[in-house]
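The structure appears right after this line, and notes come after that.
The values are calculated or read from the model by the stated rules, or taken from the named source; none is laboratory data. Nothing here was measured: the structure is a model prediction, and the numbers come from that model. Please note: Cβ atoms are built from the backbone with ideal geometry, for glycine as well, and neighbour counts cover all protein chains shown. The protein model used for the area step is the full one, side chains on, heavy atoms only, and it has no ligands, DNA or RNA in it. Shrake-Rupley method; radii C 1.70, N 1.55, O 1.52, S 1.80 Å.
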Amino acid sequence: MAYKRTELTPEQIDGQLAVCAGIRARNKQSGKAPLAMVDTYGCQQNEADSERIRGYLAEMGYGFTDDETKADLVVINTCAIREHAEMRVLGNVGQLTHTKAKNPDQIIAVCGCMVQQEHMAEKLKKSYPIVDIVFGPHELWRFPELLLEQMTRKKRVFAVDDAPGTVYEGIPHARDSKVKAWLSIMYGCNNFCSYCVVPYVRGRERSRRPEEIIAEARQLVAEGYKEITLLGQNVNSYGKDLDEPMDFADLLRAINDIPGEFLIRFMTSHPKDATEKLFRTMAECEKCAHQLHLPVQSGNDRVLKAMNRHYDRAKYLEEVALARRYMPDLVLTTDIIVGFPGETPEEFEDTLSLVEQVRYDSMFTFIFSPRKGTPAAVMPDPYSRQEKQVWFDRLLDAANRISAEKHKEYEGKRLRVLVDGLSDGKGGNLSARTGGGRLVHLTGDPALIGQFVDVTITGSNTWALYGEL
Ligand code: SAH
Ligand code: SF4
Ligand code: F3S
């Protein structure tokens, strides 16, 4: 492997924690309890990063608010996956002009994937003077230092150097939930799918050491977490960069061996690297959810090749069949891109037919969005947005119909679910998830949050199941 992994030393993180203590003392001196707002866009990796940012902020003595007008510090953790995501971020950063006009001492930080692109960092520098701190995913570990620099020098701080990325341990987390936890097992991506910005903004693939991951999982179980979701852009290539290589299935088994009642989920699996060993391990590990997010992106071989996905339709279908042989109750979900440059109506039909054949429990569908610097952004793209929208709507109709049909099959069944929070839906005051990750609304005592309970499914629609205790 051309790239050598770099691990930050414990002293480097300790240095940041010392800075946190300094900022805490500073905040105390000013005599008020400072408030921070952290606004997160994008995927679970970003959710996990925001928990680390909040972990640092808690060390600095910040309390948290969802109201930007009350916040002394606003951190916007951004996503770059599609243009729409970036437009939303920029719109919301723009809105802060008003809050900052009323509170000129408010500090505004923008971080995450979007700012790791040079043209976006430039745009913030030139057109958004209200933004005080900008840092990319590679610099997250030294956020305290960047904040202190801004506070003491009262100057804008930009930390967006391009880097292959590091592995770090010991950043505190302020987790959102007391029931479900994210656990990053690796960072970055090596796959360079031709449409995707992630490898450019998140750097190369690097795995945390298994002993660190297992220790964190043990700690989570000891703290009472009931669901652990292992995170990586392609968990199936976990461990390839370690001195003593270990594969993802072995990691899964090691976490499964931790005593306690909890559920293990993971995402995402790249179909090119999914193995029979993984499916067998999932089937054998009693704590591992029978749930697989296996993004197919397209059902057409030419398009898959142009996307640089390294599998074809036949291999994908074989994999699905194999996974279902090991786990007949497998809940299968996917991502699909409609209107990849040059995709023809006939090629789109192949995607639709694959969806009808596989029958996903749910799907995330996207219209192709050109990302600057990726190969697909400069490929000829003859079909109009309107034409793609028509395909997209057809795909969404199929996805919704199939989800509703699959949900209907649950009706009358008794299932073990994990109650994970309060529900705002009409179907009850509590929300829960099945082993496969399907959402269930039910009515019961809020004290059940964080417990596994048995429910009978009494109703369903495209998006959720309704159950009774
Ligand atoms: N690592 C994951 C995906 C992360 S991005 C994987 O490989 O599956 C989540 C999804 O966003 C992708 O699966 C893809 O369907 C979609 N996506 C990524 N780049 C896109 C783009 N430029 N336009 C539209 N959708 C995109
Ligand atoms: Fe993007 Fe492909 Fe990496 Fe997923 S595997 S993050 S789609 S480059
Ligand atoms: Fe977005 Fe970055 Fe995730 S681009 S989807 S937040 S890895």
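What accessible area per residue comes out for the chain, rounded to a whole number of Å², with a 1.4 Å probe?
43
Angle between the Cα long axis of helix 385-408 and the longest principal axis of the chain, 0 to 90 degrees, nearest 10?
Here the helix axis deviates by roughly 70 degrees.
Please list I76, I449 in order of solvent-accessible area, largest first, computed with a 1.4 Å probe with all protein chains present.
On the way: I76 5, I449 60 Å².
So, going from the largest accessible area down, we get I449, I76.
For Q291, enumerate residues with amide H under 5 Å from its amide H, sequence gap 5+ or separate chain, H modeled in the peptide plane.
V331
To the nearest 10 degrees, how steep is helix 118-127 against the longest Cα principal axis of the chain, on a 0 to 90 scale?
Tilt of helix 118-127: around 50 degrees.
Quote the FRET efficiency, to the nearest 0.05, computed for A283 versus E318 with a Förster distance R0 of 25 Å and r equal to the Cβ-Cβ distance. Spell out each step's value before the answer.
Values: r = 17 Å, r/R0 = 0.68.
That pair, A283 with E318, gives E of 0.90.
Can you pull out the cysteines in the chain that have no other Cys Cβ under 4.7 Å?
C20, C43, C79, C111, C113, C189
Pulled fully out, how much extra length does the chain show between K32 and Q44, if you take 0.36 nm times their separation in residues and subtract their Cα-Cα distance? Kindly include the intermediate steps, with their values, before the conclusion.
Working: separation 12, 0.36 × 12 = 4.32 nm, distance 3.29 nm.
Going from the current span to full extension adds 1.0 nm.
Taking the Cα centre of the chain as origin, sum charge times position over the Cβ atoms of Lys and Arg (+1) and Asp and Glu (-1), and report the length of that vector in debye to the nearest 20.
Values: 60 positive and 67 negative charges, 181 e Å.
With Lys and Arg at +1 and Asp and Glu at -1, about 880 debye.
What is the extension gain from D335 to A404, computed as 0.36 nm multiplied by their sequence separation minus the C-alpha to C-alpha distance, in nm to one decimal? Mind showing how you got there, number by number?
Values: separation 69, 0.36 × 69 = 24.84 nm, distance 1.78 nm.
Gain on extension, D335 to A404, equals 23.1 nm.
Taking Cα atoms, how many degrees apart are the long axis of helix 345-358 and the longest axis of the chain, rounded to 10 and kept between 0 and 90?
That works out to roughly 80 degrees.
List the GluC sites (Glu not before Pro) within the range 72-129 that fall in a DSSP loop (any state other than H, G, I, E or B) and whose Cβ has at most 10 other Cβ atoms within 10 Å. Before the final figure, lay out the partial values.
Numbers: sites: E83, E86, E118, E122; in loops: none.
Of the GluC sites (Glu not before Pro), not one in the loops of the range 72-129 has a Cβ with at most 10 other Cβ atoms within 10 Å.
Which links in K100/K372; K272/K406; K180/K315 stretch past 28 Å when you go from one Cα to the other? Please report the intermediate quantities before stating the final value.
On the way: K100/K372 31 Å; K272/K406 26 Å; K180/K315 33 Å.
Distance filter (> 28 Å) returns K100/K372; K180/K315.
Just by accessible area at a 1.4 angstrom probe, what is the order of V221, V115 from largest to smallest? Don't skip to the end; give the middle numbers.
Details: V221 30, V115 0 Å².
So, going from the largest accessible area down, we get V221, V115.
Going from most exposed to least, what order do K388, K406 have by accessible area with a 1.4 Å probe? Display every interim value, and only then the final one.
On the way: K388 10, K406 30 Å².
I get K406, K388, largest accessible area first.
Based on DSSP H runs of at least 4 residues, each adding -39500 (n - 2.57), what is the mean residue ellipticity at 222 nm of the chain after dividing by all its residues, to the nearest 500 deg cm²/dmol? Working shown, then result.
Numbers: 13 runs with 171 residues, N = 469.
Calculated at 222 nm, the ellipticity per residue is -11500 deg cm²/dmol.
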